[in-house]
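Since the structure comes first, as structure tokens, the remarks are kept for the end.
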Amino acid sequence: MAAAKIKKGDSVVVLSGKDKGKTGTVAKVMPKDGKIVVEGVNIAARHRKPTQQNPQGGFDRFEAPMAISKVALADPKTGKATRVRFEEKDGKKVRVAVKSGETIDG
């Protein structure tokens, strides 16, 4: 299994779609589906009928999963989108932002 370029808790920038340019924190990663959930981005609304548990009914707003390819890691220095490269530092594999050369973890 290849190392994950984007992990839970990372700060990411949305590259395309209705939320293009927005930044957020990764809440969940689903590598098998190639999807990612980002806090405050890709909000979907569902109409809910009144039920015993929720007699009011109404709207359910939640963060819907989106394709991992639609987001890029935010550079720790500038906050702009960057690609990720892997380097070995002190015998540990670390992620490095391609644009600034800044270490992301480690």
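The values are calculated or read from the model by the stated rules, or taken from the named source; none is laboratory data. All figures in this text were calculated on a predicted structure; none of them were measured in a lab. When we count neighbours, we look across all protein chains shown, and the Cβ atoms used for this are built from the backbone with ideal geometry, even at glycine. Areas reflect the complete protein model, heavy atoms only, side chains present, ligands, DNA and RNA absent. Shrake-Rupley method; radii C 1.70, N 1.55, O 1.52, S 1.80 Å.
Annotations
- Distribution of pairwise C-alpha distances over the chain, 10 Å bins, in %: 14, 38, 26, 12, 6, 2
- Legend: residues K93, K7, sorted from most to least accessible area (1.4 Å probe; ligands, DNA and RNA excluded), read K93, K7.
- Vicinal HN-Hα couplings computed from phi for region 76-86 (Karplus, 6.51 cos²θ - 1.76 cosθ + 1.60; Hz; Gly/Pro x): x, 7, 9, x, 8, 5, 8, 7, 10, 10, 9
- Which listed pairs, of K28/K49; K18/K49; K7/K99; K32/K89, have C-alpha distances above 23 Å, in listed order: K28/K49; K18/K49; K32/K89
- With every protein chain in place, region 1-96: carbon and sulfur % of accessible area (1.4 Å): 50 percent
- Accessible area (Å², per residue) of the chain, counting only protein heavy atoms and a probe of 1.4 Å: 69 Å²
- Net charge over other residues, Cβ less than 12 angstrom from the Cβ of S16 (K, R count +1; D, E count -1): +3
- S16 paired with E87, simple spin-label distance in nm, labels 7 Å along Cα-to-beta-carbon: 3.0 nm
- Label-to-label distance, nm, for residues given as A67 and T25 (7 Å Cα→Cβ offset): 2.8 nm
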